[in-house]
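Visitor: Handing you this structure, nothing more for now.
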Amino acid sequence: MSSNVLFIDRDGTLIEEPDDHQVDALHKLRLVSDVIPSLLTLMQHGYRLVMVSNQDGLGTESFPREDFDRCHEQVMQILESQGVVFDDVFVCPHLPVEQCGCRKPRTGLLTRYLATTDIATERSAVIG
């Protein structure tokens, strides 16, 4: 049976995006208003959730992977504690100038997922 899937951006959609565009410290972490009840409602209506996020320069000196991981793990723990479950999380670490194939809006991050998941494309969407 085909799945209804929502591919959801993280920063600015699930969590507030700070002025410097990097959620690299716990004090910058703020959920978007009503995001948890909204995601729960979507899940109750049969949607599977997949997070897809561009994280410019992740792993560089100015944006260490450890800083991202600490904040991202906190986001996931908060969501999971409230019953929000993501099937998968995909992150592009590249800068826009690198013109990689995995940076949204390109679909390179999702190639394997799309090939191995029976998705009802007419009932699925990208948010954010």
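Since every read-out is calculated from the coordinates, none of them should be taken as a lab result. Everything quoted here is computed from the prediction, not taken from an experiment. All Cβ positions, glycine included, derive from the backbone under ideal geometry; neighbour counts span all protein chains shown.
Visitor: From the square roots a ≥ b ≥ c of the eigenvalues of the alpha-carbon gyration tensor of region 40-109, which class results: rounded (a/c under 1.5), prolate (a/b over b/c), or oblate?
Guide: Cα axes put region 40-109 in the oblate bin.
Visitor: Here is a further query. Using a 7 Å offset from Cα along Cα-Cβ at R65, what residues in region 76-110 end up with backbone N under 12 Å from the label point?
Guide: 93, by backbone N distance to the label point.
Visitor: Mind checking which of V97, V75, V89 has the largest fluctuation in a GNM of the chain, springs on alpha carbons under 10 Å?
Guide: Per the Cα network of the chain with a 10 Å cutoff, V97 tops the list.
Visitor: Indicate the gyration tensor shape class of the chain (rounded, prolate or oblate), computed on the Cα atoms with a ≥ b ≥ c the square roots of the eigenvalues: a/c under 1.5 is rounded; otherwise a/b larger than b/c is prolate and the rest oblate.
Guide: It is oblate, given that a/c is not under 1.5 and a/b is not larger than b/c.
Visitor: To continue, here is another question. Which whole-number percent is the relative contact order of the chain (Cα, under 8 Å, 6+ apart)?
Guide: Relative contact order comes out at 39 percent.
Visitor: Please identify, among Q77, Q44, Q22, the residue showing maximal mean-square fluctuation in a Gaussian network model of the chain using a 10 angstrom Cα cutoff.
Guide: Judging by the Gaussian network model, the answer is Q44.
Visitor: Also, I was wondering about something else. In the Gaussian network model of the chain, springs joining C-alpha atoms below 10 Å, which of L29, L114, L42 carries the largest mean-square fluctuation?
Guide: Highest fluctuation of the listed residues: L114.
Visitor: Restricting to bridges with both residues inside the chain, how much of the DSSP beta-bridge set is antiparallel, in percent to the nearest 5?
Guide: 10
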